[in-house]
Amino acid sequence: MNKVADKLPIDITEIRKQFPILSQKVNGNPLIYFDNGATTQKPLSVINAIDNYYKTYNSNIHRGVHHLSVKATEAYEEARRTIQQFIGAEHEEEIIFAKGTTDAINLVAHSFSKAFIHEGDEIIISGMEHHSNIVPWQMACEERKAVLKVIPVLDNGEISIDDVQKLISDKTKIIAITHSSNTLGTNNPIEEIISIAKSKGIKTLIDGAQAIHHQPVNVKELDCDFYAFSGHKMYGPTGVGILYGKQELFKKMPPYQGGGDMIKTVTFEKTIYNDLPHKFEAGTPNIVGGIAVAEAAKWISSIGFDTIQQHDNEILNYATEKLSAIEGVKIYGTSKKKGPVISFLIDNIHPFDLGTILDQLGIAVRTGHHCTEPLMDRFKIPGTVRASFAIYNTLEEVDVFIDGVKKAKKMLS
Amino acid sequence: MTIEEKQNQIIDEFSMFSDWMEKYEYIIELGKDLPLIDAQYKTPENIIKGCQSQVWLHADLVDGKIVFTADSDAVITKGIISLLISVLSGHSPKEVAEAELFFIDKIGLKEHLSPTRSNGLLSMVKQMKMYGIAFQAKV
């Protein structure tokens, strides 16, 4: 262990051993995976949970009388309780398994709007939202003849509470905002926003896709109405996500999709819908996904958020300092309250070119608009190069990345 | 030179590079030689939008041969376009339409022409061939 690694609060070598994928070479160089904002790699405990499910108890859940079905059902419902504890929800009925954050937001945009949004009502989002927290609301506005209002993004990548207050009117029904920006890294002041919204009877949806594995989230303390996140960005599998919602609200919302599992009784004359949470979970769910995402939550808890946040800050500050020292580098998103994400450009080098050279060096970063086109328009840029970090990344990797950026800059200037 | 001979020549040139850096430095250089599209043709109709980089392409029919001009906002994309144009420009519409492009794969740039790259290059090759088909009616 050398000096650089000693700065970190944990033994990352031990953590890396739990991620088999990280020990490979790409284009002849050791893989450096800095594309964690897109998806994280999976630890052995998650991989083994998936393997074990298919090897020993794969079966369809709910209403089955046989051994395997009972076992799978118990595991799936236990997973729901694990997630409930992980985010501090009061009731397990408040945890809905979805396909991902996008699916979860679509569910709310559809069902909440159907129950509560009427012609002329207003929905507020921010200018840094991922397309998945823009488009469902645009669709809802079109459907309900409502109006979409956007909180402007400031030059440092933050939003101002004054601007939020200015946008709120007596027609505002819901504020949907990201907890942490996937492009800028900004952690939004959601506590304040939720409290303002609550005082005016406005509902809130928090897109937690980029926050859930970087900071402790307690939905009861936050007092948000909805909180959505994805399994695959928190060391779990793809195809599963979670929608938390307050029970009383969920009860008033109509189902999103119809089918098996979401019903109590079906006749051709009238169907009675099932109770929560099943009312919002039509069809055979991603059973193994639910079980594995709970395993991922347990894995995160075993590391602990104190350690995670120390690591995040250490690596973010180190990389920001090193990158800023390179002439011509401009970082987009310079808020002091940031998750471990750095979006940047160098002079007029195109992000695609920079990303291509870094890939040759075995370094995985994301280039492009990061599904935040309006945000790119706001900064008048075509896209950025984004390095986003996870618990298994090291300061040595940052050093190699910085050398790579310098090399690429030399080749492309 | 035929389209096939031109491709073989490029493969020979690229076989001399000992590492990826030399190869990419050469591609970046090639980008500077790209026959640039005239400003009047750099219109939204001529844009081939990729998720990552975009490409503008124009074609003229001169004495029965297609002459391509293009541009891109990314220099590596520009270099690869330059290679594609050097291979296909100056040939008859039929030759362009029927050309089998094997050199990209052989010089280790296959990933740049895969749909996952989304840099506009795959669509550009299709568009070049479309010009070949469209111009066949004119000659």
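Computed values, structure above
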quantity: Residue match in the stretch A:302-310 (condition: surrounded by 24 or more Cβ atoms within 10 Å (Cβ to Cβ), at pLDDT 95 or above and within 23 Å of A:Gln41 (Cβ to Cβ)); calculated: no
quantity: So A:Ile161, is it under 22 Å from the mean Cα position of the chain (by Cα), of a type in the set (Val, Ile, Thr) and within 25 Å of A:Gly339 (Cα to Cα); calculated: no
quantity: Qualifying residues in the stretch B:90-104 (those that are among the small types (Gly, Ala, Ser) and not in a helix (DSSP H, G or I)) - the one farthest from A:Phe352 (Cα to Cα); calculated: B:Ser92
quantity: Any hit, the stretch A:165-181, residues being in a loop (DSSP other than H, G, I, E, B) and on the phi > 0 side of the Ramachandran plot; calculated: no
quantity: Tally of residues being in contact with a strand residue (DSSP E or B) (Cβ under 6 Å, 6 or more places away or on another chain) and of a type in the set (Gly, Ala, Ser) across the stretch A:18-61; calculated: 2
quantity: Selection count, the stretch B:121-139, where residues are touching a residue at least 12 places away in the same chain (Cβ under 8 Å), of a type outside the set (S, T, N, Q) and assigned to a helix (DSSP H, G or I); calculated: 10
quantity: Enumeration of residues in the stretch B:113-139 that are at pLDDT 90 or above and either of a type in the set (Ser, Thr, Tyr) or at positive phi (or both); calculated: B:Tyr131
quantity: Matching option when the condition is among the basic types (Lys, Arg) and modelled with pLDDT under 95, among B:Lys110, B:Lys94; calculated: B:Lys110
quantity: Verdict on A:Val108 being free of Cβ contacts under 8 Å to residues at least 24 places away in the same chain and either among the hydrophobic types (A, V, I, L, M, F, W, C) or closer than 27 Å to A:Glu397 by Cβ (or both); calculated: no
quantity: Any hit, the stretch A:1-13, residues being under 30 Å from A:Asn286 (Cβ atoms) and more than 14 Å from chain B (Cβ to nearest Cβ); calculated: no
quantity: Extreme residue, farthest from B:Leu121 (Cα to Cα), among residues of the stretch A:340-362 that are within 11 Å of chain B (Cβ to nearest Cβ) and charged (D, E, K, R); calculated: A:Asp359
quantity: Selected residue (criterion: nearest to the other protein chains (Cβ to nearest Cβ)) from residues of the stretch A:314-328 that are free of Cβ contacts under 8 Å to residues at least 24 places away in the same chain and surrounded by fewer than 17 Cβ atoms within 10 Å (Cβ to Cβ); calculated: A:Glu327
quantity: Subset tally (residues that are among the charged types (D, E, K, R) and either within 14 Å of chain B (Cβ to nearest Cβ) or free of Cβ contacts under 8 Å to residues at least 40 places away in the same chain (or both)) for the stretch A:387-413; calculated: 5
quantity: 2 or more residues buried (at least 20 other Cβ atoms within 10 Å of the Cβ) and more than 14 Å from chain A (Cβ to nearest Cβ): qualifying strands (runs of 3 or more DSSP E) within the stretch B:1-89; calculated: B:54-62, B:65-72
quantity: Of residues in the stretch A:363-386 being part of a helix (DSSP H, G or I) and not basic (Lys, Arg), the one nearest to the other protein chains (Cβ to nearest Cβ); calculated: A:Glu373
quantity: Candidates A:Ile315, A:Ile308, A:Ile300, filtered to the one that is under 26 Å from A:Glu94 (Cα atoms) and hydrophobic (A, V, I, L, M, F, W, C); calculated: A:Ile300
quantity: Subset of the stretch A:124-153 [part of a strand (DSSP E or B) and either in contact with a Cys (Cβ under 6 Å, 6 or more places away or on another chain) or modelled with pLDDT under 95 (or both)]; calculated: A:Leu148
quantity: Criterion violated by A:Glu74 - all others in (1) part of a helix (DSSP H, G or I); (2) in contact (Cβ under 8 Å) with a residue 24 or more places away in the chain satisfied; calculated: (2)
quantity: Test set (1) of a type in the set (D, E, K, R); (2) loosely packed, with under 14 Cβ neighbours inside 10 Å; (3) without any contact (Cβ under 8 Å) to a residue 24 or more places away in the chain - A:Lys25 fails condition number; calculated: (3)
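One line per residue, one yes/no per condition, for (1) out of contact with any Phe, Trp or Tyr (no Cβ under 6 Å at 6 or more places or on another chain); (2) surrounded by 21 or more Cβ atoms within 10 Å (Cβ to Cβ); (3) closer than 14 Å to A:Ala292 by Cα; (4) not assigned by TED's automatic domain parsing to the domain that holds A:Ala364:
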{"site": "A:Asp51", "(1), (2), (3), (4)": "yes, no, yes, yes"}
{"site": "A:Arg63", "(1), (2), (3), (4)": "yes, no, no, yes"}
{"site": "A:Tyr76", "(1), (2), (3), (4)": "yes, yes, yes, yes"}
{"site": "A:Leu107", "(1), (2), (3), (4)": "no, yes, no, yes"}
{"site": "A:Ser111", "(1), (2), (3), (4)": "no, yes, no, yes"}
{"site": "A:Glu122", "(1), (2), (3), (4)": "yes, no, no, yes"}
{"site": "A:Ser126", "(1), (2), (3), (4)": "yes, yes, no, yes"}
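The values are calculated or read from the model by the stated rules, or taken from the named source; none is laboratory data. Just so it is clear, the structure is predicted and the values come from calculations on it, not from any experiment. Backbone-built Cβ (ideal geometry, glycine too); neighbour counts: all protein chains shown.
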